[in-house]
């Protein structure tokens, strides 16, 4: 069975085509469009230009999905359309233009799907925290004994933090300080988070992978990013962009993760502040995330129910 999932995010819109044989999942195609939808948001509303930009990208990805002859195609959106005032109108407009239903996930659903995807790929510790940093939101889940215990979604992400605080390409020391203050203020809203003392943090998504790829490039490491564990000190080093070595560090980022150049430092700061707050000292990343969790817990579950 071939399954297509289009993930309509704030920073990118991505199509992944999977082959499912009833037991294992294989990726047949993975196409990403860097749309940065959030740049079309003014006064908390998505502009008509932004919606048309999304429609054009989604239509193109739907053509690719049809070329793979997928049996089921699902489109879901997260903070890109959830955290705007004209959310309902935006979703309806896109649905009408692409002639396909858009599944708008709420914050808890996004957190849960991220955790469910991660736990199918990672050997989880007894307890820990999963952190999924998107362009416009961050989903945090505390898990214990292989089950999600607390979940939270915060309206901060690597892209909106960059847009709000950085005036050039890379953040100055004062801009990094302001990003940290913003992150700390958001984290305070999750009362349960400050009461935790957890060693392990597992990153999900593009920002998590970007942090690991930056680490690989900086220390010339060839190990797969999914086999690397970073200490709190190493995460802090990656999160602090050194303006005295701006040219060197900028070239390093350009070489390692050009598509994440402006968002990797804000993303790393989010991880660093979370690890500070809960006294964590181990950071790893998961291959699977919200797309795979959505696939297993919504698409495949619905297919099985329909057969009964």
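Expressed to the nearest 5 percent, the antiparallel share of DSSP beta bridges inside segment 2-104 is 65 percent.
Entry note, segment 2-104: relative contact order of 31 percent, from Cα contacts under 8 Å with a spacing of 6+ residues. For 274, 257, the sequence from fewest to most other C-beta atoms within 10 Å is 257, 274. According to the calculation over all Cα-Cα pairs in segment 108-285, the P(r) per 5 Å bin from zero is 1, 9, 19, 23, 22, 15, 8, 3, 1, 0 %. Highest mobility in the GNM of the chain, judged by mean-square fluctuation with C-alpha springs under 10 Å and restricted to 22, 205, 293, is found for 22. Within the listed set 36, 298, 119, the residue fluctuating most in the Gaussian network model of the chain (springs between alpha-carbon atoms under 10 angstrom) is 298. Across every pair of non-identical alpha carbons in segment 249-308, the mean reciprocal distance, once inverted, gives a Kirkwood radius of 14.9 Å.
Here the translational diffusion coefficient of segment 88-213 follows from Stokes-Einstein with Rh set to the Kirkwood radius across Cα pairs; for 37 °C and 0.692 mPa s it amounts to 202 µm²/s. Diffusion of segment 1-103 by Stokes-Einstein, at 25 °C in a medium of 0.890 mPa s and with Rh set to the Kirkwood radius over alpha-carbon pairs, works out to 176 µm²/s.
Report, in degrees rounded to the nearest 10, the 0 to 90 angle that the Cα long axis of helix 48-67 makes with the longest principal axis of the chain. Once rounded, the angle reads 60 degrees.
Using the C-alpha gyration tensor of segment 165-264, what are the square roots of 5 times its eigenvalues, in whole angstrom, with the largest one first?
Numbers: eigenvalues 109, 79, 25 Å².
Calculated on Cα positions only, the semi-axes equal 23, 20, 11 Å.
The fraction of Cα-Cα pairs per 5 angstrom bin, counted from 0 for segment 104-147, comes to 5, 23, 34, 22, 11, 4, 0 percent, rounded to whole percents. DSSP assigns beta bridges within the chain; of those with both partners inside it, close to 65 percent run antiparallel.
Based on Cα coordinates alone, diagonalise the gyration tensor for the chain, multiply each eigenvalue by 5, take square roots, and list the semi-axes in whole Å, largest first.
For the chain, the semi-axes come out at 30, 23, 19 Å.
Every number in this text was worked out from the coordinates using simple rules, so none of it is lab data. Given the structure is predicted, the values throughout are model-derived calculations rather than measurements. Don't worry about glycine lacking a Cβ; one is built from the backbone with ideal geometry, like all the others, and counts go over all protein chains shown.
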